[in-house]
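Okay, so here's the structure we're looking at.
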Amino acid sequence: MNRRFNVAGTCIPEKHFMADTSDKIDRIIRLVEQDSYFVINRARQYGKTTTLMLLWRRLKDQYIVINTSFEGMGSEAFRTEDTFVRRICARFARGLRMSGYQEAQAEVWNTSRQEESLDTLKERIITFCAQADREVLLFIDEVDKSTDNQMFLNFLGLLRELYLERAFGTITFKSVILAGIYDIKNLKIKYRPDEEKKYNSPWNVAVDFPIDMRLSLPEISSMLRAYREERDISFETEELAEEIYRYTGGYPFLVSLLCLWLDERLPEILELPEYWTKEGIRAAVREILKGTNTLFDDVVKNIENNDGFKRLVEGILLEGRQIPYKLSNPEINLGVTFGIIAENEGICKISNILFETYIYDHLIAGKLMEQQMLPMPRSRFVTKTGDLDMDGILLGFRDFMKTEYRRSDDAFIEKQGRVLFLAFLKPIINGTGHYVVEPETRDSTRMDIVVFYRKREYILELKVWHGPKRFSEGLAQLSEYMESRGQEQGWLLTFCFNDGREKIQEKYTGKLKGEDGIMIYSVVV
(Lines give C-alpha, C1' and ligand atoms only; values in the text may rest on other atoms or scores of the structure.)
Protein backbone atom coordinates (compact mmCIF):
# COMPACT_ATOMS: atom_id res chain seq x y z
CA MET A 1 0.00 0.00 0.00
CA ASN A 2 1.30 3.46 -0.90
CA ARG A 3 2.15 5.67 2.04
CA ARG A 4 0.38 8.99 2.49
CA PHE A 5 0.62 12.09 4.66
CA ASN A 6 -1.33 11.69 7.89
CA VAL A 7 -3.12 14.35 9.95
CA ALA A 8 -5.37 12.06 12.01
CA GLY A 9 -3.96 10.13 14.94
CA THR A 10 -0.66 8.35 15.33
CA CYS A 11 1.73 8.33 12.37
CA ILE A 12 2.95 4.83 11.45
CA PRO A 13 6.19 4.59 9.44
CA GLU A 14 4.88 1.75 7.25
CA LYS A 15 1.74 3.68 6.32
CA HIS A 16 2.66 7.35 6.45
CA PHE A 17 5.33 9.72 5.25
CA MET A 18 7.15 10.90 8.36
CA ALA A 19 10.02 13.20 9.17
CA ASP A 20 13.18 11.50 10.36
CA THR A 21 13.16 12.50 14.04
CA SER A 22 15.72 9.90 15.13
CA ASP A 23 17.94 12.60 16.64
CA LYS A 24 15.07 13.67 18.93
CA ILE A 25 14.36 10.05 19.84
CA ASP A 26 18.05 9.50 20.66
CA ARG A 27 18.01 12.50 23.01
CA ILE A 28 14.85 11.24 24.76
CA ILE A 29 16.43 7.79 25.13
CA ARG A 30 19.40 9.42 26.86
CA LEU A 31 16.96 10.79 29.46
CA VAL A 32 15.57 7.27 29.91
CA GLU A 33 19.07 5.84 30.33
CA GLN A 34 19.67 8.42 33.06
CA ASP A 35 16.68 6.97 35.02
CA SER A 36 14.75 10.24 34.53
CA TYR A 37 11.06 10.83 35.11
CA PHE A 38 9.72 13.57 32.82
CA VAL A 39 6.75 15.01 30.94
CA ILE A 40 6.48 15.55 27.19
CA ASN A 41 4.14 18.52 27.41
CA ARG A 42 3.37 20.12 24.08
CA ALA A 43 0.32 21.58 22.34
CA ARG A 44 -2.36 19.55 20.62
CA GLN A 45 -1.39 17.56 17.52
CA TYR A 46 2.30 18.10 18.17
CA GLY A 47 3.35 14.48 17.68
CA LYS A 48 3.40 13.39 21.33
CA THR A 49 1.63 10.05 20.77
CA THR A 50 3.71 9.32 17.68
CA THR A 51 6.87 10.06 19.68
CA LEU A 52 5.81 7.59 22.41
CA MET A 53 5.15 4.96 19.72
CA LEU A 54 8.60 5.48 18.19
CA LEU A 55 10.17 5.26 21.65
CA TRP A 56 8.26 2.03 22.34
CA ARG A 57 9.55 0.53 19.10
CA ARG A 58 13.13 1.48 19.90
CA LEU A 59 13.07 0.36 23.57
CA LYS A 60 10.72 -2.65 23.81
CA ASP A 61 13.46 -5.21 23.15
CA GLN A 62 15.89 -3.69 25.67
CA TYR A 63 13.35 -2.91 28.41
CA ILE A 64 9.91 -4.03 29.52
CA VAL A 65 7.74 -1.12 28.38
CA ILE A 66 4.28 -0.56 29.81
CA ASN A 67 2.74 1.78 27.24
CA THR A 68 -0.73 3.03 28.15
CA SER A 69 -3.03 6.07 28.03
CA PHE A 70 -5.63 7.83 30.14
CA GLU A 71 -7.69 8.50 27.01
CA GLY A 72 -11.23 7.26 27.60
CA MET A 73 -10.75 6.47 31.30
CA GLY A 74 -13.92 8.36 32.17
CA SER A 75 -14.77 10.10 35.44
CA GLU A 76 -16.18 6.87 36.93
CA ALA A 77 -12.66 5.41 37.08
CA PHE A 78 -11.60 8.10 39.55
CA ARG A 79 -14.49 7.85 42.02
CA THR A 80 -12.77 5.49 44.50
CA GLU A 81 -9.29 4.10 45.01
CA ASP A 82 -10.61 0.58 44.39
CA THR A 83 -12.10 1.53 41.01
CA PHE A 84 -9.05 3.54 39.95
CA VAL A 85 -6.54 0.83 40.87
CA ARG A 86 -8.54 -1.86 39.07
CA ARG A 87 -8.71 0.31 35.91
CA ILE A 88 -5.03 1.23 35.99
CA CYS A 89 -3.97 -2.39 36.55
CA ALA A 90 -6.09 -3.45 33.58
CA ARG A 91 -4.41 -0.78 31.46
CA PHE A 92 -0.96 -1.81 32.62
CA ALA A 93 -1.80 -5.42 31.70
CA ARG A 94 -3.00 -4.36 28.26
CA GLY A 95 0.21 -2.39 27.73
CA LEU A 96 2.24 -5.47 28.67
CA ARG A 97 0.27 -7.67 26.28
CA MET A 98 1.44 -5.43 23.44
CA SER A 99 4.98 -6.38 24.45
CA GLY A 100 4.16 -10.11 24.82
CA TYR A 101 4.08 -10.44 28.64
CA GLN A 102 0.98 -12.60 29.07
CA GLU A 103 2.22 -14.49 32.13
CA ALA A 104 3.37 -11.44 34.05
CA GLN A 105 0.04 -9.78 33.33
CA ALA A 106 -1.94 -12.71 34.79
CA GLU A 107 0.15 -13.08 37.95
CA VAL A 108 0.73 -9.51 39.10
CA TRP A 109 -2.08 -7.40 37.73
CA ASN A 110 -5.04 -9.64 38.52
CA THR A 111 -7.38 -7.57 40.76
CA SER A 112 -10.37 -9.91 40.97
CA ARG A 113 -10.09 -10.99 44.62
CA GLN A 114 -9.35 -8.15 47.06
CA GLU A 115 -10.25 -4.55 47.88
CA GLU A 116 -7.76 -2.41 46.00
CA SER A 117 -6.00 0.76 47.15
CA LEU A 118 -2.98 2.84 46.17
CA ASP A 119 -1.01 0.80 48.71
CA THR A 120 -1.86 -2.46 46.92
CA LEU A 121 -0.99 -0.80 43.59
CA LYS A 122 2.38 0.21 45.02
CA GLU A 123 3.08 -3.37 46.11
CA ARG A 124 2.09 -4.71 42.68
CA ILE A 125 4.50 -2.30 40.97
CA ILE A 126 7.36 -3.21 43.30
CA THR A 127 6.66 -6.95 42.90
CA PHE A 128 6.48 -6.77 39.11
CA CYS A 129 9.64 -4.67 38.73
CA ALA A 130 11.57 -6.91 41.17
CA GLN A 131 10.59 -10.12 39.33
CA ALA A 132 11.08 -8.75 35.82
CA ASP A 133 14.06 -9.97 33.81
CA ARG A 134 14.71 -6.45 32.53
CA GLU A 135 14.26 -2.90 33.77
CA VAL A 136 10.73 -1.53 33.42
CA LEU A 137 9.61 1.70 31.76
CA LEU A 138 6.17 3.31 32.12
CA PHE A 139 4.67 5.52 29.39
CA ILE A 140 1.31 7.21 30.01
CA ASP A 141 -0.24 9.29 27.23
CA GLU A 142 -3.05 11.87 27.56
CA VAL A 143 -2.37 12.42 31.25
CA ASP A 144 -3.99 15.85 31.23
CA LYS A 145 -7.39 14.21 30.69
CA SER A 146 -7.37 13.80 34.47
CA THR A 147 -5.28 16.66 35.84
CA ASP A 148 -8.21 18.19 37.73
CA ASN A 149 -8.84 14.94 39.59
CA GLN A 150 -7.49 14.37 43.10
CA MET A 151 -7.17 10.62 42.56
CA PHE A 152 -4.87 11.24 39.61
CA LEU A 153 -2.74 13.61 41.69
CA ASN A 154 -2.55 10.97 44.41
CA PHE A 155 -1.38 8.48 41.75
CA LEU A 156 1.38 10.90 40.76
CA GLY A 157 2.27 11.15 44.43
CA LEU A 158 2.59 7.35 44.54
CA LEU A 159 4.99 7.36 41.57
CA ARG A 160 6.98 10.14 43.26
CA GLU A 161 7.16 8.12 46.47
CA LEU A 162 8.47 5.09 44.56
CA TYR A 163 11.01 7.29 42.77
CA LEU A 164 12.37 8.61 46.09
CA GLU A 165 12.47 5.12 47.64
CA ARG A 166 14.87 3.97 44.92
CA ALA A 167 17.64 5.52 47.03
CA PHE A 168 16.79 2.98 49.77
CA GLY A 169 16.82 -0.07 47.48
CA THR A 170 13.19 -0.19 46.31
CA ILE A 171 12.97 -1.61 42.79
CA THR A 172 10.50 0.32 40.67
CA PHE A 173 10.20 1.86 37.22
CA LYS A 174 13.54 2.89 35.74
CA SER A 175 11.87 5.80 33.92
CA VAL A 176 8.37 7.22 33.71
CA ILE A 177 7.30 9.33 30.73
CA LEU A 178 4.01 11.22 30.87
CA ALA A 179 2.65 12.97 27.78
CA GLY A 180 0.04 15.70 27.63
CA ILE A 181 -0.58 19.37 26.93
CA TYR A 182 0.06 20.82 30.38
CA ASP A 183 3.23 20.80 32.45
CA ILE A 184 2.26 18.48 35.26
CA LYS A 185 5.21 19.64 37.37
CA ASN A 186 3.26 22.83 38.06
CA LEU A 187 -0.04 21.21 39.06
CA LYS A 188 -1.59 22.16 42.37
CA ILE A 189 -2.41 19.48 44.90
CA LYS A 190 -4.37 19.45 48.14
CA TYR A 191 -3.63 16.79 50.73
CA ARG A 192 -6.91 17.01 52.63
CA PRO A 193 -10.40 17.91 51.30
CA ASP A 194 -10.61 21.01 53.49
CA GLU A 195 -7.28 22.47 52.31
CA GLU A 196 -6.86 25.07 49.61
CA LYS A 197 -4.92 23.98 46.57
CA LYS A 198 -1.21 24.70 46.93
CA TYR A 199 1.71 24.71 44.54
CA ASN A 200 3.17 21.49 45.92
CA SER A 201 3.37 19.26 42.90
CA PRO A 202 3.45 15.49 43.35
CA TRP A 203 5.58 15.43 40.20
CA ASN A 204 8.42 17.70 41.25
CA VAL A 205 10.87 14.81 40.82
CA ALA A 206 10.60 15.16 37.06
CA VAL A 207 13.47 16.63 35.07
CA ASP A 208 12.92 19.32 32.45
CA PHE A 209 12.16 18.17 28.92
CA PRO A 210 14.42 20.42 26.82
CA ILE A 211 13.81 18.86 23.39
CA ASP A 212 12.34 21.08 20.68
CA MET A 213 9.46 19.07 19.20
CA ARG A 214 9.05 21.32 16.17
CA LEU A 215 10.13 19.78 12.88
CA SER A 216 13.39 21.34 11.75
CA LEU A 217 14.32 22.09 8.14
CA PRO A 218 16.44 18.90 7.84
CA GLU A 219 13.58 16.85 9.31
CA ILE A 220 11.02 18.31 6.88
CA SER A 221 13.50 17.73 4.04
CA SER A 222 13.83 14.06 5.07
CA MET A 223 10.07 13.59 4.74
CA LEU A 224 9.98 15.31 1.34
CA ARG A 225 12.89 13.20 0.07
CA ALA A 226 11.12 10.00 1.11
CA TYR A 227 7.98 11.16 -0.70
CA ARG A 228 9.90 12.22 -3.80
CA GLU A 229 11.72 8.89 -4.06
CA GLU A 230 8.64 6.75 -3.44
CA ARG A 231 6.48 8.67 -5.95
CA ASP A 232 9.37 9.09 -8.41
CA ILE A 233 8.81 12.80 -8.98
CA SER A 234 11.21 15.73 -9.04
CA PHE A 235 11.20 18.97 -7.06
CA GLU A 236 13.62 21.14 -5.09
CA THR A 237 13.48 19.49 -1.67
CA GLU A 238 15.40 22.02 0.43
CA GLU A 239 13.71 25.02 -1.21
CA LEU A 240 10.23 23.63 -0.56
CA ALA A 241 11.17 22.57 2.97
CA GLU A 242 12.12 26.19 3.68
CA GLU A 243 8.81 27.45 2.29
CA ILE A 244 6.82 24.88 4.28
CA TYR A 245 8.74 25.81 7.44
CA ARG A 246 8.12 29.51 6.73
CA TYR A 247 4.35 28.99 6.90
CA THR A 248 4.19 26.33 9.63
CA GLY A 249 7.09 27.15 11.95
CA GLY A 250 7.70 23.38 12.06
CA TYR A 251 4.38 22.64 13.83
CA PRO A 252 4.12 18.89 12.99
CA PHE A 253 0.38 18.80 12.22
CA LEU A 254 0.60 21.87 9.97
CA VAL A 255 3.61 20.46 8.09
CA SER A 256 1.72 17.23 7.36
CA LEU A 257 -1.47 19.14 6.52
CA LEU A 258 0.31 21.32 3.96
CA CYS A 259 1.95 18.27 2.38
CA LEU A 260 -1.38 16.41 2.34
CA TRP A 261 -2.96 19.29 0.41
CA LEU A 262 -0.12 19.31 -2.13
CA ASP A 263 -0.32 15.54 -2.61
CA GLU A 264 -4.05 14.78 -2.52
CA ARG A 265 -6.42 17.68 -2.15
CA LEU A 266 -5.06 20.48 -4.34
CA PRO A 267 -5.07 18.40 -7.57
CA GLU A 268 -8.78 17.73 -7.03
CA ILE A 269 -9.76 21.42 -7.06
CA LEU A 270 -7.04 23.30 -8.96
CA GLU A 271 -5.21 22.68 -12.19
CA LEU A 272 -1.58 23.72 -11.87
CA PRO A 273 1.40 22.79 -14.07
CA GLU A 274 3.09 21.41 -10.94
CA TYR A 275 1.95 21.19 -7.34
CA TRP A 276 5.23 20.73 -5.48
CA THR A 277 6.36 24.32 -6.05
CA LYS A 278 6.25 27.57 -4.11
CA GLU A 279 3.15 28.51 -6.09
CA GLY A 280 1.55 25.19 -5.10
CA ILE A 281 2.38 25.78 -1.42
CA ARG A 282 0.80 29.24 -1.56
CA ALA A 283 -2.31 27.83 -3.22
CA ALA A 284 -2.53 25.16 -0.51
CA VAL A 285 -2.14 27.82 2.20
CA ARG A 286 -4.94 29.84 0.64
CA GLU A 287 -7.27 26.82 0.61
CA ILE A 288 -6.35 25.77 4.15
CA LEU A 289 -7.11 29.27 5.43
CA LYS A 290 -10.52 29.22 3.73
CA GLY A 291 -11.66 26.30 5.86
CA THR A 292 -11.08 25.07 9.36
CA ASN A 293 -9.83 22.02 11.22
CA THR A 294 -9.72 20.82 14.82
CA LEU A 295 -6.45 22.62 15.49
CA PHE A 296 -7.67 25.97 14.13
CA ASP A 297 -10.87 25.52 16.14
CA ASP A 298 -8.78 25.05 19.28
CA VAL A 299 -6.74 28.17 18.52
CA VAL A 300 -9.86 30.34 18.26
CA LYS A 301 -11.46 28.70 21.31
CA ASN A 302 -8.37 29.27 23.42
CA ILE A 303 -8.27 32.94 22.42
CA GLU A 304 -11.97 33.60 22.98
CA ASN A 305 -12.15 31.71 26.29
CA ASN A 306 -9.31 33.63 27.94
CA ASP A 307 -9.70 37.41 28.07
CA GLY A 308 -6.15 38.08 29.23
CA PHE A 309 -4.68 35.87 26.55
CA LYS A 310 -6.88 37.50 23.91
CA ARG A 311 -5.56 40.94 24.92
CA LEU A 312 -2.01 39.58 24.63
CA VAL A 313 -2.63 38.28 21.10
CA GLU A 314 -4.33 41.51 20.01
CA GLY A 315 -1.44 43.52 21.45
CA ILE A 316 1.05 41.51 19.39
CA LEU A 317 -0.91 41.42 16.13
CA LEU A 318 -2.95 44.61 16.02
CA GLU A 319 -0.83 47.05 17.98
CA GLY A 320 2.64 45.71 17.17
CA ARG A 321 3.58 45.65 20.85
CA GLN A 322 7.02 44.20 21.67
CA ILE A 323 6.12 42.03 24.66
CA PRO A 324 9.04 40.41 26.52
CA TYR A 325 8.92 36.61 26.49
CA LYS A 326 8.53 35.66 30.15
CA LEU A 327 7.02 32.29 31.01
CA SER A 328 6.30 33.56 34.52
CA ASN A 329 3.52 35.63 32.92
CA PRO A 330 0.40 33.39 33.04
CA GLU A 331 -0.99 34.59 29.70
CA ILE A 332 2.32 34.04 27.91
CA ASN A 333 2.72 30.64 29.57
CA LEU A 334 -0.80 29.73 28.45
CA GLY A 335 -0.03 30.79 24.88
CA VAL A 336 3.13 28.67 24.82
CA THR A 337 1.19 25.71 26.23
CA PHE A 338 -1.38 26.08 23.44
CA GLY A 339 1.41 26.28 20.83
CA ILE A 340 0.26 29.76 19.77
CA ILE A 341 3.02 31.89 21.30
CA ALA A 342 6.73 31.44 20.56
CA GLU A 343 9.87 33.42 21.29
CA ASN A 344 11.95 35.50 18.89
CA GLU A 345 15.03 37.25 20.33
CA GLY A 346 13.36 37.60 23.72
CA ILE A 347 10.06 38.92 22.30
CA CYS A 348 6.70 37.14 22.03
CA LYS A 349 5.48 36.26 18.55
CA ILE A 350 2.74 34.09 17.06
CA SER A 351 4.35 30.72 16.47
CA ASN A 352 3.70 30.43 12.73
CA ILE A 353 2.23 32.29 9.75
CA LEU A 354 -0.73 29.93 9.33
CA PHE A 355 -1.87 30.53 12.91
CA GLU A 356 -1.16 34.24 12.61
CA THR A 357 -3.17 34.70 9.42
CA TYR A 358 -6.05 32.57 10.70
CA ILE A 359 -6.16 34.65 13.89
CA TYR A 360 -6.05 37.86 11.85
CA ASP A 361 -8.97 36.58 9.77
CA HIS A 362 -10.89 35.73 12.94
CA LEU A 363 -10.28 39.20 14.40
CA ILE A 364 -11.15 40.80 11.06
CA ALA A 365 -14.47 38.97 10.93
CA GLY A 366 -15.27 40.34 14.37
CA LYS A 367 -14.26 43.83 13.29
CA LEU A 368 -16.47 43.65 10.19
CA MET A 369 -19.47 42.84 12.37
CA GLU A 370 -18.53 45.22 15.18
CA GLN A 371 -17.97 48.22 12.89
CA GLN A 372 -20.70 47.14 10.44
CA MET A 373 -18.21 47.36 7.57
CA LEU A 374 -19.63 46.40 4.18
CA PRO A 375 -17.16 44.50 1.96
CA MET A 376 -15.97 46.33 -1.15
CA PRO A 377 -16.87 44.77 -4.54
CA ARG A 378 -13.83 42.93 -5.92
CA SER A 379 -14.48 44.04 -9.51
CA ARG A 380 -13.74 47.63 -8.50
CA PHE A 381 -10.15 46.74 -7.62
CA VAL A 382 -9.20 44.14 -10.23
CA THR A 383 -7.73 45.14 -13.61
CA LYS A 384 -8.78 43.79 -16.99
CA THR A 385 -5.81 41.43 -16.90
CA GLY A 386 -6.98 40.00 -13.58
CA ASP A 387 -4.32 41.65 -11.42
CA LEU A 388 -5.00 43.68 -8.30
CA ASP A 389 -5.23 47.45 -8.64
CA MET A 390 -3.30 48.06 -5.44
CA ASP A 391 -3.17 51.82 -6.05
CA GLY A 392 -6.95 51.80 -6.18
CA ILE A 393 -7.23 49.66 -3.04
CA LEU A 394 -5.17 52.12 -1.01
CA LEU A 395 -7.10 55.10 -2.38
CA GLY A 396 -10.38 53.29 -1.72
CA PHE A 397 -9.32 52.63 1.85
CA ARG A 398 -8.39 56.30 2.32
CA ASP A 399 -11.82 57.36 1.05
CA PHE A 400 -13.47 54.79 3.31
CA MET A 401 -11.60 56.09 6.35
CA LYS A 402 -12.50 59.70 5.54
CA THR A 403 -16.16 58.77 5.21
CA GLU A 404 -16.60 56.33 8.07
CA TYR A 405 -14.03 57.47 10.66
CA ARG A 406 -13.71 61.21 10.19
CA ARG A 407 -14.97 61.80 13.74
CA SER A 408 -12.87 59.12 15.38
CA ASP A 409 -10.06 60.14 17.71
CA ASP A 410 -6.45 59.57 16.68
CA ALA A 411 -5.84 56.99 19.42
CA PHE A 412 -8.61 54.80 18.00
CA ILE A 413 -7.23 55.00 14.45
CA GLU A 414 -3.66 54.35 15.56
CA LYS A 415 -4.75 51.26 17.44
CA GLN A 416 -7.35 49.94 15.01
CA GLY A 417 -6.07 51.21 11.65
CA ARG A 418 -4.16 48.09 10.69
CA VAL A 419 -6.97 45.65 11.33
CA LEU A 420 -9.38 48.03 9.57
CA PHE A 421 -7.15 47.95 6.50
CA LEU A 422 -6.93 44.17 6.57
CA ALA A 423 -10.71 44.01 7.02
CA PHE A 424 -11.03 46.25 3.94
CA LEU A 425 -8.54 44.14 1.95
CA LYS A 426 -9.67 40.64 2.92
CA PRO A 427 -12.99 40.49 0.98
CA ILE A 428 -11.26 41.82 -2.15
CA ILE A 429 -8.66 39.04 -2.31
CA ASN A 430 -10.71 36.29 -0.63
CA GLY A 431 -10.93 33.07 -2.62
CA THR A 432 -8.23 34.04 -5.11
CA GLY A 433 -5.42 35.31 -2.92
CA HIS A 434 -4.16 35.54 0.63
CA TYR A 435 -1.84 37.71 2.68
CA VAL A 436 0.86 37.23 5.28
CA VAL A 437 2.21 39.71 7.79
CA GLU A 438 5.98 39.57 8.18
CA PRO A 439 6.68 39.14 11.92
CA GLU A 440 10.23 40.50 11.62
CA THR A 441 8.94 43.90 10.49
CA ARG A 442 5.90 44.25 12.72
CA ASP A 443 6.26 46.76 15.52
CA SER A 444 4.34 49.74 16.85
CA THR A 445 5.39 51.92 13.90
CA ARG A 446 5.78 49.51 10.99
CA MET A 447 4.18 46.40 9.51
CA ASP A 448 4.97 44.74 6.17
CA ILE A 449 2.22 42.80 4.39
CA VAL A 450 2.77 40.53 1.40
CA VAL A 451 -0.34 39.87 -0.68
CA PHE A 452 -0.33 36.83 -2.97
CA TYR A 453 -2.95 37.18 -5.69
CA ARG A 454 -2.92 34.73 -8.57
CA LYS A 455 0.79 34.53 -9.53
CA ARG A 456 1.81 38.00 -8.32
CA GLU A 457 3.17 39.37 -5.06
CA TYR A 458 2.24 42.80 -3.75
CA ILE A 459 4.36 44.26 -0.96
CA LEU A 460 2.79 46.84 1.31
CA GLU A 461 4.15 48.63 4.32
CA LEU A 462 1.86 50.19 6.91
CA LYS A 463 3.39 52.95 9.03
CA VAL A 464 2.39 55.54 11.60
CA TRP A 465 3.67 59.05 10.78
CA HIS A 466 6.44 60.17 13.12
CA GLY A 467 8.01 62.94 11.07
CA PRO A 468 9.90 63.25 7.76
CA LYS A 469 13.03 61.46 8.96
CA ARG A 470 11.17 58.34 10.09
CA PHE A 471 9.11 58.50 6.90
CA SER A 472 12.29 58.44 4.78
CA GLU A 473 13.60 55.54 6.85
CA GLY A 474 10.36 53.71 6.12
CA LEU A 475 10.85 54.20 2.39
CA ALA A 476 14.39 52.82 2.65
CA GLN A 477 13.18 49.84 4.70
CA LEU A 478 10.47 49.08 2.18
CA SER A 479 12.98 49.34 -0.68
CA GLU A 480 15.28 46.86 1.04
CA TYR A 481 12.42 44.46 1.67
CA MET A 482 11.30 44.74 -1.96
CA GLU A 483 14.84 43.95 -3.06
CA SER A 484 14.96 40.87 -0.82
CA ARG A 485 11.81 39.57 -2.54
CA GLY A 486 12.83 40.64 -6.06
CA GLN A 487 9.99 43.15 -6.46
CA GLU A 488 10.22 46.48 -8.29
CA GLN A 489 6.89 47.91 -7.16
CA GLY A 490 5.69 48.50 -3.62
CA TRP A 491 3.04 50.41 -1.70
CA LEU A 492 3.23 52.48 1.48
CA LEU A 493 0.17 53.27 3.59
CA THR A 494 0.82 55.88 6.29
CA PHE A 495 -1.50 56.81 9.13
CA CYS A 496 -0.86 60.48 9.87
CA PHE A 497 -2.42 62.49 12.69
CA ASN A 498 -1.26 66.04 11.96
CA ASP A 499 -2.48 68.77 9.62
CA GLY A 500 0.34 68.39 7.10
CA ARG A 501 -0.74 65.06 5.70
CA GLU A 502 -1.77 66.52 2.32
CA LYS A 503 1.80 67.75 1.72
CA ILE A 504 3.34 64.26 1.87
CA GLN A 505 4.56 63.11 -1.52
CA GLU A 506 2.73 60.11 -2.99
CA LYS A 507 5.12 58.66 -5.59
CA TYR A 508 8.75 57.74 -5.16
CA THR A 509 11.28 56.22 -7.52
CA GLY A 510 14.69 54.89 -6.74
CA LYS A 511 17.44 52.51 -7.73
CA LEU A 512 18.10 48.98 -6.59
CA LYS A 513 21.43 47.24 -6.83
CA GLY A 514 21.79 46.06 -10.41
CA GLU A 515 18.17 46.85 -11.25
CA ASP A 516 16.62 49.45 -13.52
CA GLY A 517 14.71 50.99 -10.63
CA ILE A 518 11.73 50.77 -8.31
CA MET A 519 8.51 52.61 -7.75
CA ILE A 520 6.74 53.05 -4.42
CA TYR A 521 3.21 54.39 -4.36
CA SER A 522 2.34 56.11 -1.10
CA VAL A 523 -1.08 56.92 0.30
CA VAL A 524 -1.65 58.85 3.52
CA VAL A 525 -4.69 58.40 5.75
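The values are calculated or read from the model by the stated rules, or taken from the named source; none is laboratory data. Computed from a predicted model, the values in this text were never measured in an experiment. As a convention, Cβ positions derive from the backbone with ideal geometry for all residues, glycine included, and neighbour counts pool all protein chains shown. Calculation scope for accessible area: heavy atoms of the full protein, side chains included, ligands and nucleic acids excluded. Shrake-Rupley method; radii C 1.70, N 1.55, O 1.52, S 1.80 Å.
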Using a 1.4 Å probe, what is the accessible area per residue for the chain, in Å²? 47
With a 1.4 Å probe and all protein chains in place, put Arg231, Arg4, Arg91 in order of accessible area, largest first. Arg4, Arg231, Arg91
Using alpha carbon centers only, the range 269-341 is separated from the range 1-46 by a whole-angstrom value of 23
Antiparallel bridges, percent of DSSP beta bridges restricted to the chain (to nearest 5): 45
Rg [Å, one decimal], Dmax [Å, integer] - the range 452-501, C-alpha atoms: 12.5, 39
I'd like the projected area of the range 1-125, averaged over all directions, using the convex hull of its alpha carbons. Report it in nm² with one decimal. 9.8
Pairs Lys24/Lys60; Lys24/Lys349; Lys24/Lys122; Lys15/Lys122: which are spaced more than 27 Å apart, C-alpha to C-alpha? Lys24/Lys122; Lys15/Lys122
Please give the contour-minus-distance gain from Val207 to Arg3: 0.36 nm per residue of separation, less the Cα-Cα distance, rounded to one decimal in nm. 69.8 nm
Rounded to one decimal in nm, the spacing of the 7 Å Cα→Cβ label points at Arg228 and Asn333 is 4.4
Compute the angle between helix 237-248 and the longest alpha-carbon principal axis of the chain, please, reported from 0 to 90 degrees and rounded to the nearest 10. 90
To the nearest whole percent, what portion of all C-alpha pairs in the chain is separated by more than 41 angstrom? 34
Add +1 for every Lys or Arg and -1 for every Asp or Glu among the other residues with Cβ under 11 Å from the Cβ of Leu118, and state the total. -4
Taking a probe of 1.4 angstrom, what is the accessible area of Asp183 in Å², to the nearest 10? 50
Let me cross-check Arg57: its accessible surface, 1.4 Å probe, with only protein heavy atoms counted, in Å² to the nearest 10? 90
Principal-axis tilt of helix 22-33 within the chain, Cα atoms, nearest 10 degrees: 40
Could you derive backbone 3J(HN,Hα) for the range 451-467 from the dihedral phi with the Karplus parameters 6.51, -1.76 and 1.60 (θ = phi - 60°), listing whole Hz in sequence and x where the residue is Gly or Pro? 9, 9, 9, 6, 9, 9, 10, 10, 9, 10, 10, 9, 9, 9, 5, 9, x
Note: Ser216 to Asp23 extended length (0.36 nm per residue) minus current alpha-carbon separation gives 68.4 nm
List the residues whose amide H sits under 5 Å from the amide H of Phe497, counting only those 5 or more places along or on another chain, with H placed 1.01 Å from N in the peptide plane. Trp465
Per-peptide average of other Cβ atoms within 10 Å, ordering 278-290, 318-330 highest first: 278-290, 318-330
Percent of accessible area on the range 1-79 owned by carbon and sulfur, 1.4 Å probe? 43
To the nearest 0.05, how large is the calculated FRET efficiency for Glu238 and Asp297 if R₀ is 45 Å and r is the Cβ-Cβ distance? 0.85
Can you pull the percent of Cα pairs in the range 200-304 with separation above 18 Å? 55
Full extension from Ala476 to Ile126: what is 0.36 nm times the residue separation minus their Cα-Cα distance, to one decimal in nm? 119.0 nm
